[in-house]
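So the structure is just underneath, and the comments pick up after that.
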Amino acid sequence: MSLGLNALLEPGMLVRHPQEPDWGLGQVQSNIGNRITVNFEHRGKVVIDGAQIALTRIFDT
């Protein structure tokens, strides 16, 4: 996923953090500018800098 596709993430979508697989599956809470708030199974709520990290969208769980 390119960094630009982070802009397409919407609340409710499922994602994974490519550098933090132990965090588990995350659900997008908000996406404002380059700040994406995600609630991860094993990490809790994290604000991701979408300009630095390309989250991986999960379509099938």
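Any read-out appearing in this document is the output of simple, stated calculations on the displayed coordinates, not a laboratory observation. Quantities reported herein were computed from a predicted structural model and do not represent experimental measurements. Positions of Cβ are backbone-derived with ideal geometry, glycine not excepted, and every protein chain shown enters the neighbour counts.
Estimate the FRET efficiency between ALA51 and ASP22 by the formula 1/(1 + (r/R0)^6), using the beta-carbon distance for r and 22 Å for R0, to the nearest 0.05. The partial results should precede the final answer.
On the way: r = 23 Å, r/R0 = 1.06.
The calculated FRET efficiency here is 0.40.
Looking at the chain, which chymotrypsin sites (Phe, Trp or Tyr not before Pro) are in a loop (DSSP not H, G, I, E or B) and have at most 15 other Cβ atoms within 10 Å? Present the calculation step by step, with values, prior to reporting the outcome.
Working: sites: TRP23, PHE40, PHE59; in loops: PHE59.
Hits after loop and neighbour filter: PHE59.
Counting pairs of alpha carbon atoms under 8 Å apart in space and at least six apart in sequence, what relative contact order in percent does the chain give?
Numbers: 120 pairs, mean separation 22.1, N = 61.
In percent, rounded to a whole number, it is 36.
May I ask for the percentage of alpha-carbon pairs in the chain that lie more than 12 Å from each other? Walk me through the intermediate numbers first.
Values: 1089 of 1830 pairs.
When every Cα pair of the chain is considered, 60 percent fall beyond 12 Å.
Where in the stretch 2-18 does the label zone of ARG43 land, with the point 7 angstrom along Cα→C-beta and an amide N cut-off under 14 Å?
15-18
Within a Cβ distance under 9 Å of LEU25, other residues only, what is the Lys/Arg minus Asp/Glu net charge?
Working: positive: ARG16; negative: GLU41.
Computed value for this residue: 0.
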